[in-house]
Amino acid sequence: MDRYISFFGEVDPSRGVLKLGDRELDISGKALVMRGTRGSTVGSYIVYALRRHGKAPSCIIVKEAEPILIAGCVLADIPLFVISDYEPFVNSVLERRRCSVKYDHEMGALALY
Amino acid sequence: MYLTPEQERVLKGGDGWAAAKALEILVRVGEALGAQELVEVKHAHVSGVSYSNIGEYGLEFVRELFKRGGRARVFTTINPGCLDYSGLSKLIDNSYKDRQAIIDSSLISMRFTPIFTCIPYYYRAPAPREHLSWGESSAVIFANSIFGAFTNREGGPIALASAITGYTYKAGLHFLENRVARVLVEIPARLSDTPLGAIGLFMGEAIKEIPLIDFRHGLPPIWDIKVLLASMAASGSHALAIIPGITPRGTYVIDIIEKITVERRDAEEHMGRDPQRDEKVLGYVGCPHLHLFELQAIARILRKYGKPRRGRLLLTIPPELAAKYSGLVQFLISKGVDVGAGTCPVVSRLRSRYDIVVTNSGKAAFYLRRIHGLEVSVRNLREVIEAVYS
């Protein structure tokens, strides 16, 4: 998602979907990539609710992390990655029809498969 | 981030899940904001507890926090909720009271002090240079500017995390070198009748640095300064304003690089229009909540008037005031005033529709215009009363 998402208002935690206009995107169990988050502090509780309903993304990857998102991910035990070279990463993802992401602890880097 | 052995112990779960998660939030957010250590706080003020804001997911979260061991480790107070705790108001919609009561019961079980007000500095006056972790932007700017306390504007879960750990991350306004006034703002004597709520809205938008405020006609009463600061904090992200003669020395640094003079037209952009003769007017005073002396002053003014002529005057106050000064509250009610305790129209809903709101609060105007789409005029206190009573 090449935009800023507001968890409060744009995400339904009981179903694990991201709502954009008419479309709905299933985010549960997936790596959610976006620029960052915005909006109300309630967003933290929505992220937490995703975990409680078993609909949490496997990880969240952003360009910028703000306190509401960080707090939500801590509470929900969702790994949160802030990547400095966001644009190249997104381009690599978009080049592939399907891909998975893996975190290398030693390198402190995300690898795409 | 450097952590003490005690902080490490809590982080690893030594005080249960809630405290461990809370400490982790503070560490992670702190690291993202460049903090190298945590700091002990003396008072946490938790905002974001109104059911009309946080809904079922917020309610579930607060309950979980209590069930999984969350307990106040430091004096903790609570912001207004979405119901009128005195039961006297006819204007405040109480339909969420059962849901709010569940949130409140979890907070009280966690040993948070249920003051339900946005003026926690009247319950425990902060000391200069004292580290706090407060949500509620209007309280933060007042604590920093009037008391010289050291707190950032902490969003929702941060102040909550501070409440159940006793710490916050040491960054931003916790350091003297970040409390630097760079813009000199002159409010000329010719603006002495201009509503400070409107001036505050202008200043919040126009000024990005910490201001030093020079009132050329002399210091206004503290209640008006409270409204000015709250308005600045609402329309901009201000957490500190230096007011010579009030802000304790040793809690700020002056390094002025710019000067701004506020003009009448700057305020007028935020004042809104006058109510028309046939409109149903809601006069609103009490954002931030009223202190006892303000309530008494309003009662004195109202002695000269009869019944409301168009619409109603709504006042919002802390529940404790409604309980302790019931005679004063009854007098106001006898004058047709509606009194709401422990809440406000920003975090709750009104039962009636009004054509226009007239208020002295720039903050209320900011939110009522945006959240409820209401037409709002920002005026002086006397003008607010006259809009309803004369």
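The values are calculated or read from the model by the stated rules, or taken from the named source; none is laboratory data. What you see is a predicted model, and the numbers here were worked out from it, not measured in a lab. Here the Cβ positions follow ideal geometry from the backbone for every residue, glycine too, while neighbour counts run over all protein chains shown. Calculation scope for accessible area: heavy atoms of the full protein, side chains included, ligands and nucleic acids excluded. Shrake-Rupley method; radii C 1.70, N 1.55, O 1.52, S 1.80 Å.
On inspection, A:Val101 qualifies as under 15 Å from the mean Cα position of the chain (by Cα), away from every other protein chain (no Cβ under 12 Å) and touching a residue at least 60 places away in the same chain (Cβ under 8 Å). Residues that are of a type in the set (Ser, Thr, Tyr), without any contact (Cβ under 8 Å) to a residue 60 or more places away in the chain and either under 27 Å from B:Pro126 (Cβ atoms) or open to solvent by 60 Å² or more (accessible area, probe 1.4 Å) (or both) within the stretch B:47-79 comprise just one, B:Thr77.
For the stretch B:30-72, how many residues are β-branched (Val, Ile, Thr), touching a Gly at 6+ places or on another chain (Cβ under 9 Å) and closer than 30 Å to B:Asn178 by Cα? Even if it seems obvious, please write down each step before you answer.
Applying the first criterion (β-branched (Val, Ile, Thr)) to the stretch B:30-72 yields B:39, B:41, B:46, B:49, B:54, B:62.
So of that shortlist, the ones also touching a Gly at 6+ places or on another chain (Cβ under 9 Å) come out as B:41, B:46, B:49, B:54, B:62.
Those still in the list that are closer than 30 Å to B:Asn178 by Cα too: B:41, B:46, B:49.
Looking only at that region, the number is 3.
Checking each residue in the stretch B:7-63 for being more than 14 Å from B:Ile164 (Cα to Cα), over 23 Å from the mean Cα position of the chain (by Cα) and among the small types (Gly, Ala, Ser) picks out B:Gly30, B:Ala32, B:Gly34, B:Ala35. Out of everything in the stretch B:342-390 that is among the small types (Gly, Ala, Ser), in contact with a Leu (Cβ under 8 Å, 6 or more places away or on another chain) and part of a loop (DSSP other than H, G, I, E, B), what residue ends up being farthest from B:Val49 (Cα to Cα)? The qualifying residue farthest from B:Val49 (Cα to Cα) is B:Ser352.
Kindly check whether there is at least one residue in the stretch B:47-60 that is small (Gly, Ala, Ser) and touching a helix residue (DSSP H, G or I) at 6+ places or on another chain (Cβ under 6 Å). Reasoning before the result, please.
Here is the first cut: in the stretch B:47-60, the ones small (Gly, Ala, Ser) are B:47-48, B:50, B:52, B:55, B:58.
Keeping just the survivors that are touching a helix residue (DSSP H, G or I) at 6+ places or on another chain (Cβ under 6 Å) gives B:48, B:58.
So far as the stretch B:47-60 goes, yes, one or more of its residues are small (Gly, Ala, Ser) and touching a helix residue (DSSP H, G or I) at 6+ places or on another chain (Cβ under 6 Å).
Taken over the stretch B:122-158, the criterion of being among the polar types (S, T, N, Q), within 14 Å of another protein chain (Cβ to nearest Cβ) and either over 17 Å from B:Thr251 (Cα atoms) or open to solvent by 10 Å² or more (accessible area, probe 1.4 Å) (or both) is satisfied by B:Ser137, B:Asn152.
Counting only residues that are out of contact with any Phe, Trp or Tyr (no Cβ under 6 Å at 6 or more places or on another chain) and either aromatic (Phe, Trp, Tyr) or open to solvent by less than 40 Å² (accessible area, probe 1.4 Å) (or both), how many does the stretch B:343-363 have?
First, pick out the residues of the stretch B:343-363 that are out of contact with any Phe, Trp or Tyr (no Cβ under 6 Å at 6 or more places or on another chain): B:343-345, B:347-356, B:358, B:360-363.
Of the ones still in play, those that are also either aromatic (Phe, Trp, Tyr) or open to solvent by less than 40 Å² (accessible area, probe 1.4 Å) (or both) are B:343-345, B:347-348, B:354, B:356, B:358, B:360-363.
Number of matching residues: 12.
Residues in the stretch A:43-66 that are under 21 Å from A:Pro88 (Cβ atoms), more than 11 Å from the chain's Cα centre (by Cα) and at the interface with chain B (Cβ under 7 Å from one of its Cβ atoms): none.
In this structure, does B:Lys90 turn out to be more than 14 Å from every other protein chain (Cβ to nearest Cβ), open to solvent by 50 Å² or more (accessible area, probe 1.4 Å) and in contact with an Asp or Glu (Cβ under 8 Å, 6 or more places away or on another chain)?
Numbers: more than 14 Å from every other protein chain (Cβ to nearest Cβ): yes; open to solvent by 50 Å² or more (accessible area, probe 1.4 Å): yes; in contact with an Asp or Glu (Cβ under 8 Å, 6 or more places away or on another chain): yes.
Here the answer is yes, as B:Lys90 does meet what is asked.
Restricting B:Thr168, B:Thr194 to those that are within 14 Å of another protein chain (Cβ to nearest Cβ) and either outside any helix (DSSP H, G or I) or open to solvent by 10 Å² or more (accessible area, probe 1.4 Å) (or both) reduces the list to B:Thr168. Which of the residues that make up the stretch B:232-270 are of a type in the set (Gly, Ala, Ser), in a helix (DSSP H, G or I) and touching a Pro at 6+ places or on another chain (Cβ under 9 Å)? Matches in the stretch B:232-270: B:Ala267 only.
Checking each residue in the stretch B:4-30 for being open to solvent by 20 Å² or more (accessible area, probe 1.4 Å) and either part of a loop (DSSP other than H, G, I, E, B) or more than 9 Å from chain A (Cβ to nearest Cβ) (or both) picks out B:Thr4, B:Pro5, B:Glu6, B:Glu8, B:Arg9, B:Leu11, B:Lys12, B:Gly13, B:Gly14, B:Asp15, B:Gly16, B:Trp17. Considering the conditions (1) within 18 Å of the chain's Cα centre (by Cα); (2) open to solvent by 10 Å² or more (accessible area, probe 1.4 Å), B:Gly340 is excluded by exactly one of them, (2). Scanning the stretch B:97-113 for residues being under 17 Å from B:Ser162 (Cα atoms), part of a helix (DSSP H, G or I), open to solvent by less than 50 Å² (accessible area, probe 1.4 Å) and among the hydrophobic types (A, V, I, L, M, F, W, C) gives a total of 1. Only residues that are in contact with a His (Cβ under 8 Å, 6 or more places away or on another chain) and of a type outside the set (Asp, Glu) were counted in the stretch B:7-58, giving 3.
Does the stretch A:94-102 include one or more residues that are surrounded by fewer than 13 Cβ atoms within 10 Å (Cβ to Cβ), outside any strand (DSSP E or B) and at pLDDT 85 or above? No: the stretch A:94-102 contains no residue that is surrounded by fewer than 13 Cβ atoms within 10 Å (Cβ to Cβ), outside any strand (DSSP E or B) and at pLDDT 85 or above.
Checked against the criterion of being out of contact with any Ser or Thr (no Cβ under 7 Å at 6 or more places or on another chain), without any contact (Cβ under 8 Å) to a residue 12 or more places away in the chain and either within 11 Å of chain A (Cβ to nearest Cβ) or surrounded by fewer than 23 Cβ atoms within 10 Å (Cβ to Cβ) (or both), the stretch B:34-46 has no qualifying residue. Of the residues screened, B:Ile225 is not one that is out of contact with any Asp or Glu (no Cβ under 6 Å at 6 or more places or on another chain), more than 18 Å from B:Ser137 (Cβ to Cβ) and either touching a residue at least 40 places away in the same chain (Cβ under 8 Å) or not in a loop (DSSP other than H, G, I, E, B) (or both). Among the candidates B:Gly166, B:Gly172, B:Gly200, B:Gly156, the residue that is out of contact with any Pro (no Cβ under 7 Å at 6 or more places or on another chain) and over 28 Å from A:Leu75 (Cβ atoms) is uniquely B:Gly200.
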